[in-house]
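Presented below is the structure to which this report refers.
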Amino acid sequence: MSVFSHIPTIKFEGKGSDNPFAFKRYNPSEVVLGKTMEEHLRFAVAYWHTYVATGSDPFGVGTADREWDKYDGLDRAKLRVEANFEFMEKLNIPYFCFHDVDIAPEGSTLAETNKNLDVIVAQIKDNMKATGKKLLWNTANMFSNPRYVHGAGTAVNAGVYAYAAAQVKKGLEVGKELGAENYVFWGGREGYETLLNTDMGFELDNLARLYRMAIDYANEIGFDAQFLIEPKPKEPTKHQYDFDAATTIAFLQKYGLQDKFKLNLEANHATLAGHTFEHEIRVAAINGMLGSLDANQGDYLLGWDTDEFPTDLYATTLAMYEVLKAGGLGRGGVNFDAKVRRGSFELEDLVYAHIAGMDSFAWGLKAAAKLIEERVIDGIIENRYRSFKEGIGADIVSGKATLASLEQYALQNSAVRTESGRLERIKHVLNEIIFSV
Ligand code: XLS
Ligand code: NI
Ligand code: NI
């Protein structure tokens, strides 16, 4: 059954086009800094927001008008698979991502759940073969089911921990079966509400144990995906353990896992942590841990993960600048972990939302490339730190300087001349670049 038959195939028509079903900026074959846009951006559809979300909120039921919701159980799951591949074809999106529970209904036992997964995974595999579409990453949802009320890998109950481990095991098998490029861990309920009933150190030790078991099992079955951890500071728990990139990297280093993982960074998680998206990408990049991106945006007036489609060109430009400077996303991609608003309930809105997100990232990519080609930021940075290139500065960098030699220098040169950071001028240049591409 076709779900998107009334939607035309979305093609690049360029800036002047007023066709709402066309890309204005995303031209997959256009070469930017030596690679095509398609190779740079590696867009992915998020199964949960696109095919599972209904638009419900704490104050009301779902509003979304979706063909598959006329069915339930495995029938609904099967129609979602067909819809996914049709949608990816229509939008020319090469990748998709899912949680285990997004693709197949949970049964009343673990064995039944795994059987349902097997049915749907086989259907997905056939569709992947027929269309050439690929799995950017999969993950296990270890936060929705009530059993995970007190955590999964940080559960207070060993039986719950075992169930989570079983879910990860199956997730790795599914990832291998579908050739996933990455496997994600997002610590949905890995966190706590209060220390009055929580052994934080023990919970973190257990989480590291689960990660070690996952690495061992992936090796055992020959699943060579890149493992990713997705930081988030709060929601659903008050204190999420993987607060931000820096916290997650410190965790990985403490347990000696830093070579086994990279990070999946989400824009709205960055803002919830009080950071910008580009900050999180930079922290990962300078530690060699940039893995993949969950593309969305928050609302500065709201304090939760609103998961809006990314349309802020400043944010996409600065994010893509970081990605380009870091040498690209490698096996990662740009996954739209974003949902249409409750008021955007028609099927077309899913299409418009992805077009908006893809065009915004393509625009950001082009602006970032121009910033690099014209050495706008590189020039500023080089000039700002130039005193470390020679004399006493070069001695500091090479390790030759000591507190005594620096004191000697300072005693003789106590009138240091500092310079303006020129922030307003730089922002003006940035505006000009973004709107010129
Ligand atoms: C939730 C997370 C989640 C992960 C995958 O805030 O972004 O969707 O990306 O579990
Ligand atoms: Ni996410
Ligand atoms: Ni999120």
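Between the C-alpha center of the range 197-244 and that of the range 9-29 there is a gap of 40 Å.
Relative contact order for the range 126-242: 32 percent, from Cα pairs under 8 Å spaced at least 6 residues apart, divided by residue count.
Karplus-based coupling profile of the range 252-262, in residue order and whole Hz: 4, 5, 4, 9, x, 9, 5, 8, 9, 10, 10, with θ = phi - 60° in 6.51 cos²θ - 1.76 cosθ + 1.60 and x standing for Gly or Pro. Under the shape rule built on the C-alpha gyration tensor, where the axes satisfy a ≥ b ≥ c, the range 212-368 is prolate, since a/c reaches at least 1.5 and a/b is greater than b/c.
Restricting to the chain, compute how many DSSP beta bridges are antiparallel as a %, nearest 5.
Antiparallel bridges make up about 15 percent of those DSSP assigns within the chain.
P(r) tail, the range 51-119: Cα-Cα pairs separated by more than 14 Å, 65% of all pairs. Below 9 angstrom from the Cβ of residue 298, what's the summed charge of the other residues (Lys, Arg +1; Asp, Glu -1)? Net local charge, residue 298 excluded: -4. Ordering 119, 362, 146 by Cα displacement along the dipole of the chain toward the positive end leaves 362 in first place; charges were set at the Cβ atoms of Lys, Arg (+1) and Asp, Glu (-1).
Near residue 25: Cβ cut-off under 11 Å, other residues only, Lys/Arg at +1 and Asp/Glu at -1. The net charge is 0.
Among 321, 26, 352, the largest mean-square fluctuation in a Gaussian network model of the chain (Cα springs under 10 Å) belongs to 352. Put simply, the range 25-144 fits an ellipsoid with semi-axes of 28, 18, 14 Å; these come from the alpha carbon gyration tensor as the roots of five times its eigenvalues, largest first.
Here are some pairs, 232/260; 134/169; 234/366; 232/254; which of them have Cα atoms lying more than 30 Å apart in this structure? The pairs that break the limit, which is 30 Å between Cα atoms, are 234/366.
If you take the beta carbon distance between residue 419 and residue 224 as r and set R0 to 56 Å, what does 1/(1 + (r/R0)^6) give as a FRET efficiency, to the nearest 0.05?
E(calc), rounded to 0.05, equals 0.70.
Would you compute the Debye intensity of the chain from its alpha-carbon atoms alone, equal scatterers and no solvent, and pass along log10 I(q)/I(0) at q = 0.08, 0.10, 0.11 Å⁻¹ to two decimals? So the normalised log intensities are -0.50, -0.75, -0.89. Bridges between two residues of the range 108-243, per DSSP, are antiparallel at a rate of about 20%. Charging the Cβ of each Asp and Glu at -1 and of each Lys and Arg at +1, and nothing else, the dipole of the range 192-308 about its Cα centre rounds to 400 debye.
Over the chain, what is the mean sequence separation of C-alpha contacts under 8 Å (at least six apart), divided by residue count, expressed as relative contact order in percent? Don't skip to the end; give the middle numbers.
On the way: 706 pairs, mean separation 65.9, N = 437.
Answer for the chain is 15 percent.
Amide H contacts of residue 239 (H built 1.01 Å from N, in plane; Pro and chain starts excluded): 192 sit under 5 Å, all sequence-distant by 5 or more or on other chains. Remark on residue 11: its backbone amide H falls under 5 Å from those of 23, a criterion applied only to residues 5 or more positions apart or on other chains, H modelled at 1.01 Å from N.
Note on the range 45-100 and the range 333-368: Cα centroid distance 15 Å, given to the nearest whole angstrom.
For the range 51-162, averaging the sequence separation of C-alpha pairs within contact (under 8 Å, six or more residues apart) and dividing by the residue count gives a relative contact order of 22 percent. Solvent-accessible area of the chain (1.4 angstrom probe, protein heavy atoms only): carbon and sulfur portion equals 53 percent. Here's the picture: charge each Lys and Arg Cβ at +1 and each Asp and Glu Cβ at -1 in the chain, and of 421, 385, 318 the one pushed furthest to the positive end of that dipole is 385.
The H on the amide N of residue 265, modeled in the peptide plane, is under 5 Å from the matching H of 291, 292, 293, 294, each at least 5 residues off or on a different chain. Were the residues from residue 109 through residue 374 laid out at 0.36 nm apart, the gain over their Cα-Cα distance would be 89.5 nm. Going through the range 361-402, which chymotrypsin sites (Phe, Trp or Tyr not before Pro) have at most 12 other Cβ atoms within 10 Å and a DSSP loop state? Of the chymotrypsin sites (Phe, Trp or Tyr not before Pro), the ones in loops of the range 361-402 whose Cβ has at most 12 other Cβ atoms within 10 Å are 385. For the range 206-245, the square roots of the Cα gyration tensor eigenvalues, ordered a ≥ b ≥ c, give a/c of at least 1.5 with a/b greater than b/c, which places it in the prolate category. Summing charges over all other residues whose Cβ lies under 15 Å from the Cβ of residue 40, with Lys and Arg as +1 and Asp and Glu as -1, gives +1.
The values are calculated or read from the model by the stated rules, or taken from the named source; none is laboratory data. For clarity, every value in this text was computed on a predicted model and none was experimentally measured. As a convention, Cβ positions derive from the backbone with ideal geometry for all residues, glycine included, and neighbour counts pool all protein chains shown. Accessible surface is based on the protein model in full, side chains and every heavy atom, while ligands, DNA and RNA are left aside. Shrake-Rupley method; radii C 1.70, N 1.55, O 1.52, S 1.80 Å.
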